[in-house]
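First comes the structure, then the notes that go with it.
The values are calculated or read from the model by the stated rules, or taken from the named source; none is laboratory data. Since the model is a prediction, treat every value here as computed from it, not as a measurement. Note that each Cβ is placed from the backbone with ideal geometry, even for glycine, and that neighbours are counted across all protein chains shown. We work out accessible area using only protein heavy atoms, side chains counted, and drop any ligands, DNA or RNA first. Shrake-Rupley method; radii C 1.70, N 1.55, O 1.52, S 1.80 Å.
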Amino acid sequence: MLQAAEGKKAEDTVALDLKGIASFTDCFIICTGNQRRQTQAIGDAIVDDPRLAMVSFTGSTAVGLRIRERLGVRRATLELGGNAPLIVHDDADIEGAARAAVAGAFGYAGQVCISVQRILVQERMRSRFEAAFLPRVEALRVGDPLDPTTEMGPLTSAGHRDRVLSYCQIAHQEGGEVLTGGKPPVDPNLAEGY
């Protein structure tokens, strides 16, 4: 079942065309809108069907736990509310780690379930990592995702942008230090985006 992300219109959600992929002959996908009750009823009906041997689900922890509860002894693969860290040890290739961190954290504006959400660096490597990482972040070209030179496009909505900014404020209030960014771009060409 494919559901539009919170705050996103169903017609803005892209579904993959699975025609001709033999390994998917016994699978199905239902694309629904943002109507929570309707989506829950459809999901429950699918999960409750005893012919279903397994469910694979990516999404919120609350929905994943509901699926797991309803499945009983049947199998499930659940990718739930991740908080994916990138760990940089003292034997790491610092330049490679910085490239991977930027790609993993800022690709698709960090809106992929496996995006890097935390970077854990051994203390003695911190200054070297920051020296490699921060210039790459500051050099990211933010803009229209249809422009081939854009490296990071917008967030999905103003509400999502505000939530991200609130995380920056919370981190600062809890003793975190903003090393770069932490606020929306100032480019007037980006004023209508998120």
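For segment 138-194, the candidate set comprises residues that are more than 20 Å from the chain's Cα centre (by Cα) and of a type in the set (Ser, Thr, Tyr); within that set, the residue that is most open to solvent (accessible area, probe 1.4 Å) is Thr149.
Any idea which residue in segment 114-130 is least open to solvent (accessible area, probe 1.4 Å), counting only those that are over 26 Å from the mean Cα position of the chain (by Cα) and more than 18 Å from Gly176 (Cβ to Cβ)? This residue is Met125. Select from segment 92-113 the residues that are exposed (fewer than 12 other Cβ atoms within 10 Å of the Cβ) and either touching a Leu at 6+ places or on another chain (Cβ under 6 Å) or modelled with pLDDT of 95 or more (or both) and list them in ascending order. Passing the criteria: Asp93, Gly96.
Residues in segment 37-56 that are at pLDDT below 85 and closer than 27 Å to Ser115 by Cα: 3 in all. Determine whether Leu120 is touching a Pro at 6+ places or on another chain (Cβ under 6 Å) and free of Cβ contacts under 8 Å to residues at least 60 places away in the same chain. Against the criterion (touching a Pro at 6+ places or on another chain (Cβ under 6 Å) and free of Cβ contacts under 8 Å to residues at least 60 places away in the same chain), Leu120 qualifies.
For segment 28-36, state whether one or more residues are outside any loop (DSSP other than H, G, I, E, B), open to solvent by less than 90 Å² (accessible area, probe 1.4 Å) and either among the polar types (S, T, N, Q) or at pLDDT 55 or above (or both). Within segment 28-36, one or more residues are outside any loop (DSSP other than H, G, I, E, B), open to solvent by less than 90 Å² (accessible area, probe 1.4 Å) and either among the polar types (S, T, N, Q) or at pLDDT 55 or above (or both).
Inside segment 67-123, residues that are of a type outside the set (Gly, Ala, Ser) and part of a helix (DSSP H, G or I) make up a count of 12.
Filtering Val63, Val73 for residues that are at pLDDT 80 or above, of a type in the set (A, V, I, L, M), open to solvent by 60 Å² or more (accessible area, probe 1.4 Å) and within 24 Å of the chain's Cα centre (by Cα) leaves a single hit, Val63.
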